[in-house]
Amino acid sequence: MRLTSAITCLLASSTAYAFTVQHPSTRNVAFTHQSPSSSSSLFVASSEVESATKMNRQQTKAPVFDEVCETTGVTLTRFMAEVAMLNPEIAELTTLFGAIDTACKAISNMVKRSQLPSSETLGYEGNVNIQGEDQKKLDVITNDVLKRALRFTGKMGVLASEEEDTPVDLMGDTEKEVLFDEGSKYVAVFDPLDGSSNVDAGIPTGTIIGIYEHDDNCDTECVGDQCEEEDKECLANTLQPGTNLVAAAYCLYSSSTFFVLTLGNGVYMFTLDENIGEFVLSHPNVKIPETSSIISFNEANYHMWDAPLQKVVKGWREGTGRSGKRFSSRYIGSMVGDVHRTILYGGVFGYPGDTKNPTGKLRLLYEGAPMSFIMEQAGGLSTTGTGRVLEIPPEMVHQRVPIVMGSKQDIQEVIDSYAESN
């Protein structure tokens, strides 16, 4: 690679930017600057997604990279640094995602080595989590890796995980002592190893992460029994609807290791280059096709679904649906793997409720909401059938929710079917 090309790539992101200032007349005036050497332009999220987000949330500005960067590469570290330059108010996310970046690389290595007899990471731990599920050894190990990585950033106040019975205060010395520090700006929710039931067979697995802002009212020191109620309220910071998400990401461990991220302005996909040990931007501004012909459900449960969903899926199978296409099935059984393919190729992923599990099996807080945020930012939709997943306020950490998400036109057909049945 020529040095001049590398320098051009390093400087490119500073040649185009946008910002908003407060005019003395109280009107917001937008200014943009575009380098004549670059034909790239800033993009904004679609009006539909933007109008559905939290009204008082400032639109995150996305960096623009010169076309030469397609060959020289943009690392996740540099991407976050550029975002922080354009959006100083979320600069602390750079530290946070630096820790998540490292944790995902460590987990990727563990998953790859798990099949070796010397790793001793396959099989069951011998414990049962709060959902009544047997914990895999890797569930426990990966949960600990993420928890430690996030804790020592100094930016986390509280986290909630699939493998933790209750939200965990990261600023205290123990899980029972609650001490909220001024540096505890964010709340993290995550599923450390989605699809772990398949890990013994080498099926793709993943990590799902959602980031919320920490409640400023919790920025007080509170130790002892005298403030137990305050502690509970602060720990309840994790129970926020998906519309409050500041960022969401997933890491897919498969033929390659992918890191997919949204900060509320589009979706960016990075691929781990193991030669340099860095996630490199491989798919900027990912957009899901508006329609497709792929469904990803556990169709063995078809007979237990409700009538509106059965009607739509039947039409897709037979080619009598709205698009007139006959859909084919692709189902891995790992949410991250199935959603990743759906975002790239289009189609519908779903784990709906049924007569056996009326509320579905996916967890709202750390599976449904973060993945729905990513899906919507990619131009898709995510619904329970009767409501937008991101608008559901969680009542408990491990609350389950029925989910159908994917290409906009296909999901709209599902929404319309439920509306017509009422």
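Just so you know, all these numbers are worked out from the coordinates, no wet-lab data involved. Just so you know, these numbers come straight off a predicted model, no measurement behind them.
For segment 410-422, what does the Karplus curve 6.51 cos²θ - 1.76 cosθ + 1.60, with θ = phi - 60°, yield as ³J(HN,Hα) per residue in whole Hz, taken in order and with x for Gly and Pro?
Running phi through 6.51 cos²θ - 1.76 cosθ + 1.60 with θ = phi - 60° gives 5, 5, 4, 5, 5, 4, 5, 5, 5, 5, 5, 7, 8 Hz.
What are the residues whose amide H is under 5 Å from the amide H of Thr257, where those residues sit 5 or more places off or on another chain and H is modelled from the backbone?
For Thr257, the qualifying residues are Leu272.
When you take every Cα atom in segment 234-283, what is the radius of gyration, and what is Dmax, the widest Cα pair distance, in Å?
For segment 234-283, the Cα radius of gyration and maximum Cα-Cα distance read 14.1, 43 Å.
For Asn301 and Gln59, calculate 0.36 nm times their separation in residues minus their Cα-Cα distance, and state this gained length in nm to one decimal. Mind dumping the intermediate values first?
Working: separation 242, 0.36 × 242 = 87.12 nm, distance 4.06 nm.
Full extension of this stretch gives 83.1 nm more.
How large is ³J(HN,Hα) for each residue in segment 319-335, as worked out from phi by the Karplus curve 6.51 cos²θ - 1.76 cosθ + 1.60 (θ = phi - 60°), to whole Hz, x for Gly and Pro?
x, 9, x, 4, 7, x, 8, 8, 7, 10, 9, 9, 9, 8, x, 10, 4
Amide H of Glu278: which non-local residues (sequence gap of 5 or more, or other chain) have their own amide H closer than 5 Å, using H built in the peptide plane?
The answer is Asp273.
To check my understanding: the extent here is largest minus smallest coordinate of the Cα atoms along each principal axis. What are those three numbers for segment 294-421, in Å, largest first?
40, 31, 26
Distance cut-off 29 Å, Cα to Cα: go down the list Lys314/Lys408; Lys311/Lys408; Lys137/Lys408; Lys147/Lys287; Lys137/Lys185; Lys112/Lys361 and report the pairs above it. Walk me through the intermediate numbers first.
Working: Lys314/Lys408 19 Å; Lys311/Lys408 18 Å; Lys137/Lys408 38 Å; Lys147/Lys287 31 Å; Lys137/Lys185 31 Å; Lys112/Lys361 27 Å.
Over 29 Å apart, Cα to Cα: Lys137/Lys408; Lys147/Lys287; Lys137/Lys185.
Determine ³J(HN,Hα), in whole Hz, for all residues of segment 194-206 in sequence, where each value follows from phi through the Karplus function 6.51 cos²θ - 1.76 cosθ + 1.60 and θ = phi - 60°; x replaces Gly and Pro.
Ordered by residue, 3J(HN,Hα) equals 5, x, 5, 5, 9, 5, 4, 9, x, 6, x, 10, x Hz.
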